1. Among (1) in a helix (DSSP H, G or I); (2) out of contact with any strand residue (DSSP E or B) (no Cβ under 8 Å at 6 or more places or on another chain); (3) at pLDDT below 95, where does VAL103 come up short?
2. Kindly provide the set of residues from region 158-170 that are farther than 17 Å from GLU30 by Cα and without any contact (Cβ under 8 Å) to a residue 40 or more places away in the chain, ordered by number.
3. Filter region 29-53 down to the residues that are polar (S, T, N, Q) and touching a residue at least 40 places away in the same chain (Cβ under 8 Å) and list them by number.
4. Considering only residues that are under 22 Å from PRO111 (Cα atoms) and in a loop (DSSP other than H, G, I, E, B), which ones fall in region 12-46?
5. Being in a loop (DSSP other than H, G, I, E, B), outside the structural domain of LYS225 (by TED's automatic domain parsing) and farther than 21 Å from ILE173 by Cα is the requirement here; does THR74 meet it?
6. Looking for something part of a loop (DSSP other than H, G, I, E, B), in the same structural domain as LYS34 (by TED's automatic domain parsing) and surrounded by 19 or more Cβ atoms within 10 Å (Cβ to Cβ) - is there at least one such residue anywhere in region 87-94?
Amino acid sequence: MNLFRRLFSGKKEKKIDLKFPTSWEMVDAEQFRKICVILSLPGIGREQALFLCLCALTDIRPDNPDKYDPKKITGLQPFIINGQTHLVKAADIAAACGQIAFVYDTIGLTPSPFKEVDRMLYGKSFRQFFTADSYILRYGSDPNPAYLKEAAKVLTDGRVRKLLDWQRKAMVIWWNGLKDWMRMKYPYVFQPSEGSIGISGKTQAEILQDLLSCMNDNKPQENEKILKTEVHQVLYSLNKIYEAHVNKRVPQ
């Protein structure tokens, strides 16, 4: 967590430390909810959203500037912090908002939007992962909220059947971060090199067929067992299979 900044109350300078996350990995579940509530507000711009995120994450709120002589608060902004009003340098607020810009500019592994779902999907089956991923990919090309609702139903075993606006935003942000993390953890599956048999550039049906054929040892009857297996067990095995395939093709 980063510390910020210098704040002023009257003529006496007083330093107050406010803590806030500066990356998705540092965000806890409640902070993630607050950020996604703000990002899902209709018609909100980047600058306003970052300012609202700063206020929400640090539990500060703007005070009415009309209470002050404008000549005496040039370059300062009034805020209520811990029940007291402080005059804060506008430049410090801008700098803090810049540190929160990760919510727009980066991808990272966030908390899961659902309490019953681990943020890395441990404990979920390969079928649940692949089905949810297919729905979310469809949402990316056709932003119909029904696709996200179906993905949530799959991941929560039907317990979540309706999504609030902030949950839809959170689900997309989380899934993007999860897939990015998976690309690093299982590179031969998600980032295939030339000549490999990875899963890029194919339809979802073709991808699933290829994945199952790599693992079923020419026994299609094993497919159902594979689909029910924990997702990371499947991805780990696939990564090993694809790695061996690539290394076999590389001249020694």
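The values are calculated or read from the model by the stated rules, or taken from the named source; none is laboratory data. Predicted model, so just to flag it, every value in this text is computed and none were measured. Note: ideal-geometry Cβ built from the backbone for every residue, glycine included; neighbour counts use all protein chains shown.
1. VAL103 satisfies every listed condition except (3).
2. Hits for region 158-170 are GLY158, ARG161, LYS162.
3. SER40
4. Correct list: PRO21, THR22, SER23, VAL27, ASP28, SER40, LEU41.
5. Criteria met by THR74.
6. For region 87-94, residues part of a loop (DSSP other than H, G, I, E, B), in the same structural domain as LYS34 (by TED's automatic domain parsing) and surrounded by 19 or more Cβ atoms within 10 Å (Cβ to Cβ): absent.
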